[in-house]
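Okay, so here's the structure we're looking at.
The values are calculated or read from the model by the stated rules, or taken from the named source; none is laboratory data. These numbers come from a predicted model, not from an experiment. Using ideal geometry, Cβ is built from the backbone for each residue, glycine included, and neighbour counts are taken over all protein chains shown. Protein only, heavy atoms only, side chains kept; ligands, DNA and RNA dropped before computing areas. Shrake-Rupley method; radii C 1.70, N 1.55, O 1.52, S 1.80 Å.
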Amino acid sequence: MVDVREAAKALAGARRVVVFTGAGISAESGVPTFRDALTGLWERYDAQALATPQAFEDDPDLVWGWYEWRRSLIRRVHPNPGHEAVAAIEAHAPHALVVTQNVDDLHERAGSRAPIHLHGSLFTPRCAACSRPAEPGPGDEPEEGRRLAPPRCGCGGAIRPGVVWFGEALPEEALEEAVQAATDCDVLLTVGTSGVVYPAAEIPKVASMFGGTVIQVNPQPTPLDAVATINLHGSAAVVLPELVSAAWPERAAAGS
Ligand code: APR
């Protein structure tokens, strides 16, 4: 509780806030974290091996089927109080930017304005050959574990998910904007990320290097424990609403 109060004080006093999120914030909505994703019928596959350009080249139907299954799962779930608290931080802080590694759209659905998706999105497919954006399909409910042939672009190329795969570069503009915001921020709140996938994991470190207070929310220890000024051990859906209520008590009481 002392730590929450201390974190709330830093947050309420900050002019510039960055909220940096990972799979843990969506876990309580029922989206498995990446490292837990391959349960059920997908169990026999290796997530790391599915999330590469090579995997898509070798077996596009397998990879497209997996991503379409994940997209249909996300369409069925809802933002949780953690996502809602992030949107409340954006509403209360003078300047706030959400930077997420997640490929779901739960921040947007909770009311976050324009989160930066460092690892792309499940809702922005494009042609693997000519890069032309494609319309996301109706999101039929592919059966778990089922292969699905990707649609074709007008140029004949296969449509691929709009996510960043292992071995691919992050979208340059998004990364630059995130690094700049981390450089300039007073507080960076890192939530639900294992902090092991680079270059995204540099972002809290940049904030710390440039004098920002880093607050971490995670039930487990991570390599970012050493970077964080304040470590809040707990789940995002519990800790973040507590933090918002403690940072802006009058507004919380007024229900805004
Ligand atoms: N609240 C907060 N944190 C949680 C919760 C929760 N309810 N549940 C789990 N966590 C934490 C875990 O302790 C872990 O540290 O969320 C983290 C999830 O870690 P990862 O699955 O590694 O997710 P992430 O850090 O987002 O992965 C980064 O790696 O797999 C690639 O591109 C993919 O964007 C992803 C990137």
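Out of everything in the stretch 48-59 that is small (Gly, Ala, Ser) and surrounded by 16 or more Cβ atoms within 10 Å (Cβ to Cβ), what residue ends up being nearest to the ligand (Cβ to nearest atom)?
Across the stretch 48-59, the extreme among qualifying residues is Ala51.
Scanning the stretch 5-28 for residues that are out of contact with any strand residue (DSSP E or B) (no Cβ under 8 Å at 6 or more places or on another chain) and within 16 Å of the ligand (Cβ to nearest atom), which turns out farthest from Ser194 (Cα to Cα)?
Glu28
Just a yes or no: is a residue in the stretch 61-77 in contact (Cβ under 8 Å) with a residue 24 or more places away in the chain, assigned by TED's automatic domain parsing to the domain that holds Tyr198, within 15 Å of the ligand (Cβ to nearest atom) and hydroxyl-bearing (Ser, Thr, Tyr)?
No: zero hits.
Just to be sure I understand, how many residues within the stretch 220-235 are in contact with a Pro (Cβ under 8 Å, 6 or more places away or on another chain) and within 19 Å of Ala12 (Cβ to Cβ)?
1
Being open to solvent by less than 30 Å² (accessible area, probe 1.4 Å), under 18 Å from Glu84 (Cα atoms) and away from the ligand (no atom under 11 Å from the Cβ) is the filter here, so list the residues in the stretch 225-245 that pass it.
Of everything in the stretch 225-245, those that are open to solvent by less than 30 Å² (accessible area, probe 1.4 Å), under 18 Å from Glu84 (Cα atoms) and away from the ligand (no atom under 11 Å from the Cβ) turn out to be Leu243, Val244.
State which residue is nearest to the ligand (Cβ to nearest atom) when the search covers only the stretch 102-118 and only residues that are open to solvent by 30 Å² or more (accessible area, probe 1.4 Å) and not in a strand (DSSP E or B).
Asp105
Tell me yes or no: at least one residue of the stretch 178-188 is charged (D, E, K, R), surrounded by fewer than 24 Cβ atoms within 10 Å (Cβ to Cβ) and free of Cβ contacts under 8 Å to residues at least 24 places away in the same chain.
no
Output yes when any residue across the stretch 206-219 is hydroxyl-bearing (Ser, Thr, Tyr) and more than 22 Å from Gln48 (Cβ to Cβ), and no when none is.
yes
I'd like to verify a number: residues in the stretch 189-214 that are surrounded by 18 or more Cβ atoms within 10 Å (Cβ to Cβ) and within 13 Å of the ligand (Cβ to nearest atom), how many?
The number of residues fulfilling the criteria is 11.
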